[in-house]
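Read through the structure below, which is laid out as structure tokens, and then see the notes.
Computed from the coordinates by the stated procedures, all read-outs in this text should not be read as laboratory data. What you are looking at is a predicted structure, and each value in this text was computed from that prediction instead of being measured. All Cβ positions, glycine included, derive from the backbone under ideal geometry; neighbour counts span all protein chains shown.
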Amino acid sequence: MARRQRAVVSLRSAPSLPRHVRIQYDPVRQAFAVLSPEKVFWPNEISVDILRRCNGQSTVGHIIADLAAEYDAEEEAVAADIIAFLQEWSDKLLVKL
């Protein structure tokens, strides 16, 4: 039985959402949900902003720069949090690297 190799986030990674994961707005809760088979996640606004940029073309470095500009923050201040978030979601198979 082969074990899955853990993907590690780097600045050159180009994350995307797997086919089984989608973001959907819930008008009742007025919040975005991330749906995967048999699981629903309720990420906060910043997490949704990260996930929306996971299009398979933008690198993690580009996502960091884009979010830092949008939130008027230093790239170094947000980089660790974004990388940790993407690593956690990758480990849960909710983001492909």
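Of the listed values (i) 18.6, 59; (ii) 13.7, 47; (iii) 12.5, 36, grab the one calculated as Rg and Dmax of the Cα atoms in Å from the structure here.
Evaluating Rg and Dmax of the Cα atoms in Å on these atoms matches (ii).
Using the Karplus curve 6.51 cos²θ - 1.76 cosθ + 1.60 with θ = phi - 60°, what ³J(HN,Hα) values do you get for each residue of region 75-90, in whole Hz, with x for Gly and Pro?
Values per residue, Gly and Pro as x: 4, 5, 6, 9, 4, 4, 5, 5, 5, 4, 4, 5, 5, 4, 5, 5 Hz.
Efficiency by 1/(1 + (r/R0)^6): what FRET value for Ala65 and Ser10, r their Cβ-Cβ distance, R0 = 25 Å, to the nearest 0.05? Intermediate values should be presented prior to the final figure.
Numbers: r = 15 Å, r/R0 = 0.59.
With a Förster radius of 25 Å, E is 0.95.
Which value in nm describes the separation of the simple spin-label points at Val28 and Asp91, placed 7 Å from the Cα toward the beta carbon?
In this crude label model, Val28 to Asp91 measures out at 3.2 nm.
Return the calculated 222 nm mean residue ellipticity for the chain, to the nearest 500 deg cm²/dmol, obtained by summing -39500 (n - 2.57) across DSSP H runs with n ≥ 4 and dividing by the residue count.
Only helices count here, giving -11500 deg cm²/dmol.
Which value, in debye to the nearest 20, gives the size of the charge dipole of the chain about its Cα centre, when Lys and Arg are +1 and Asp and Glu are -1 at the Cβ? Don't jump to the answer; show the numbers that get you there.
Working: 12 positive and 13 negative charges, 176 e Å.
Charge dipole, the chain, about its Cα centre: 840 debye, nearest 20.
How about region 12-97: which GluC sites (Glu not before Pro) there are in a DSSP loop, with at most 11 other Cβ atoms within 10 Å of their Cβ?
Working: sites: Glu38, Glu45, Glu70, Glu74, Glu75, Glu76, Glu88; in loops: Glu38, Glu74.
In loop regions of region 12-97 (DSSP not H, G, I, E or B), the sparsely surrounded GluC sites (Glu not before Pro) are Glu38, Glu74.
How much FRET efficiency would the formula 1/(1 + (r/R0)^6) give for His20 and Glu74, where r is the Cβ-Cβ distance and R0 is 41 Å, rounded to 0.05?
Details: r = 35 Å, r/R0 = 0.85.
Computed FRET efficiency for His20 and Glu74 comes out at 0.70.
Taking H as built 1.01 Å from N, whose amide H comes closer than 5 Å to the amide H of Ala33, not counting residues under 5 places away?
Here Gln24, Tyr25, Asp26 satisfy the definition.
If each of Leu35 and Asn55 carries a label point 7 Å out from its Cα toward its Cβ, how far apart are those two points in nm?
Label at Leu35, label at Asn55, 2.3 nm between them.
Along the charge dipole of region 22-91, Cβ charges K/R +1 and D/E -1, which of Pro37, Cys54, Tyr25 sits furthest on the positive end?
Going by the charge dipole, the pick is Pro37.
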